[in-house]
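Below: the structure, in structure tokens.
The values are calculated or read from the model by the stated rules, or taken from the named source; none is laboratory data. Here the structure is a predicted model, which is why all the values come from computation and not from measurement. Cβ placement follows ideal geometry from the backbone for every residue including glycine, while neighbour counts extend to all protein chains displayed. Heavy atoms of the whole protein, side chains included, go into the accessibility calculation; ligands, DNA and RNA do not. Shrake-Rupley method; radii C 1.70, N 1.55, O 1.52, S 1.80 Å.
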Amino acid sequence: MTAIAYTLRAGDPARVATPLLAVLLPADPSVPRSLAALDRTFGGLITRAIRQRDFRGGRDETLLLLRPGAGGGPERVLLVGMGSAERVKGTHRAAAVAGRRANGMGVGAMAIWAEALDGESLEGAVAGSALGAWVFRDLQAAPPPAQRRKPLARVTCVVAKVSAAAKAALAAGEAVAAGQRIARQLGMLPGNICTPDHLARTAREIAKRHRLKVAVLGRREMTRLKMGSFLAVAQGTRQDPKLVVLEYRGGRRGDAPVALVGKGLCFDTGGVSIKPALGMETMKFDMSGAGAVLGAMEAIARMKLKVNVVGLVGSTTNVVDGDAVKPGDVVRAANGKTIEIQNTDAEGRLVLADVLHYAKRFAPQAVVDAATLTGACVIALGHVTTGVMGNDQGVVDEVLAATKRAGEPGWQLPMFDEYKELLKSDSADLRNIGGRSAGTITAGLFLAEFAEGMPWVHLDVAGTAYSESDLGIMPKGSTGTPVRTFVEFVRGRAR
Ligand code: BES
Ligand code: MN
Ligand code: ZN
């Protein structure tokens, strides 16, 4: 789906000529004074709906009103509830509901109004409506002409004043939306289309669009760098594995960059430690961390944040083959540590081990990685919350704050030394699994071995990067998490 064109408009919402005006209201609303004219245009229907409690402003609640009779202004009003959520969060979610509904109705264009839409709430309205309107139909035939509906192509945000700040908020919302669109698109594409090559190509496109430096390392370069851990996963596939490096320079020359690292397993069969067939197709989403890094780089470059950022993606496909790595094999990672691969399905950490070590050459001020790393994280936190761990509590707190601002909840898990026992191997420096207990934590501790010396935070997005059910504000599939968290973290570090 192509991008939605966003514009700002000041003035009375009653005067906005649009097929659909979304009016975002809090729980138990009264009719705001600024909607008096609109209410009159609609023959008092808005007041009546609220007074009769046909509309209560609950979270995700909607009520569609058609304008009685002809005349100017909006043809339809969609009341959307924000519930009792805090304003920015409520606006984001209600705008997503509106965006999805508008896209489904086929009206083509929509206006959004909320009380005092500005700054953060305006950014939320833009990013939210784009998130809600997004659908993935690239691999399906278009419906017959009679059934086709116009995709949502234009959104007008009705604000009190078209100020410089409002323009900036609109642009920021569009930037986030563009980033999430990349991440979600990559997530939806199956393993035969979204290959390591495809991720590298996408990175090159982003680099070209924003004049970023880009480098792509393949098997040959990784062999030279002695990335035995990453290469062990890649030895089962004929596809060339890719380590993609994108460099955005928005900060001062010489300022240490923030590094964003993503797991990019274009498909994860488990390898010789093969996964059960049922549901295996969801492992096309195993590159979601990488997709989020690429999406975040797009958003950050669009926003022109004053900070240096390097995006690193480690991409390959975990498949079965005569030459594939086997349980018990011992490999040496680029940092010199030997790893006993007891389970070939714990491959994400093997890839990230060498990518994290590689990140050290940028002497980053902080590293944040995102990975669909463990099924255990889905068991612990479900599909609502991202698992957060790190070796620097200050940076962990900063990332947790970013998850809050982003509306992508995260929760810290402990990295107590006692858990390290579980990673001991009889034959190597460490093994790549820790047994059934504390699976998310042992995976995090494994990564920590390769992030030594850098302030580092790990996001386990196994449960949050994609959804197996419709979420109301978005269809099942890739969610775009944690693009916004990445962006918020980097923003927090910008000058
Ligand atoms: N990509 C999976 C983790 C995953 C599982 C993500 C379910 C999303 C949903 C990862 O590579 C994996 O297979 N992890 C293993 C680790 C185990 C062998 C220690 C897992 O979680 O089962
Ligand atoms: Mn796996
Ligand atoms: Zn995996």
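Cβ-Cβ distance below 6 Å, separation of 6 or more or different chains: which pairs start in region 167-184 with a residue that is touching a residue at least 12 places away in the same chain (Cβ under 8 Å) and end on one that is open to solvent by less than 10 Å² (accessible area, probe 1.4 Å) and among the polar types (S, T, N, Q)?
ARG184/SER478
Can you tell me how many residues within region 328-343 are more than 16 Å from ligand 3 (Cβ to nearest atom) and surrounded by fewer than 24 Cβ atoms within 10 Å (Cβ to Cβ)?
The number of residues fulfilling the criteria is 11.
I need the full set of residues from region 243-283 which are closer than 14 Å to PRO196 by Cβ, within 16 Å of ligand 3 (Cβ to nearest atom) and crowded, with 24+ Cβ neighbours inside 10 Å, in order please.
Of everything in region 243-283, those that are closer than 14 Å to PRO196 by Cβ, within 16 Å of ligand 3 (Cβ to nearest atom) and crowded, with 24+ Cβ neighbours inside 10 Å turn out to be GLY262, LYS263, GLY264, LEU265, CYS266, ASP268.
Going by what's in this entry, would ALA443 be described as open to solvent by less than 20 Å² (accessible area, probe 1.4 Å) and within 16 Å of ligand 3 (Cβ to nearest atom)?
So ALA443 passes the test.
(1) free of Cβ contacts under 8 Å to residues at least 60 places away in the same chain; (2) part of a loop (DSSP other than H, G, I, E, B); (3) surrounded by 17 or more Cβ atoms within 10 Å (Cβ to Cβ): which one isn't true of VAL135, the others all being true?
All conditions pass for VAL135, except number (1).
When you go through LEU122, LEU78 one by one, which is the residue that is in contact with a strand residue (DSSP E or B) (Cβ under 7 Å, 6 or more places away or on another chain), open to solvent by less than 10 Å² (accessible area, probe 1.4 Å), more than 20 Å from ILE182 (Cα to Cα) and part of a helix (DSSP H, G or I)?
LEU122
Only one of ALA324, ALA346 is over 26 Å from ALA183 (Cα atoms), open to solvent by less than 20 Å² (accessible area, probe 1.4 Å), within 16 Å of ligand 3 (Cβ to nearest atom) and not in a helix (DSSP H, G or I). Can you tell me which?
When all the criteria are applied, what remains is ALA324.
From (1) open to solvent by 20 Å² or more (accessible area, probe 1.4 Å); (2) over 22 Å from ALA171 (Cα atoms), pick out the condition that doesn't hold for ALA10.
Unmet condition: (2).
Based on this model, can you work out whether ALA448 counts as within 16 Å of the chain's Cα centre (by Cα) and aliphatic (A, V, I, L, M)?
The answer is no for ALA448.
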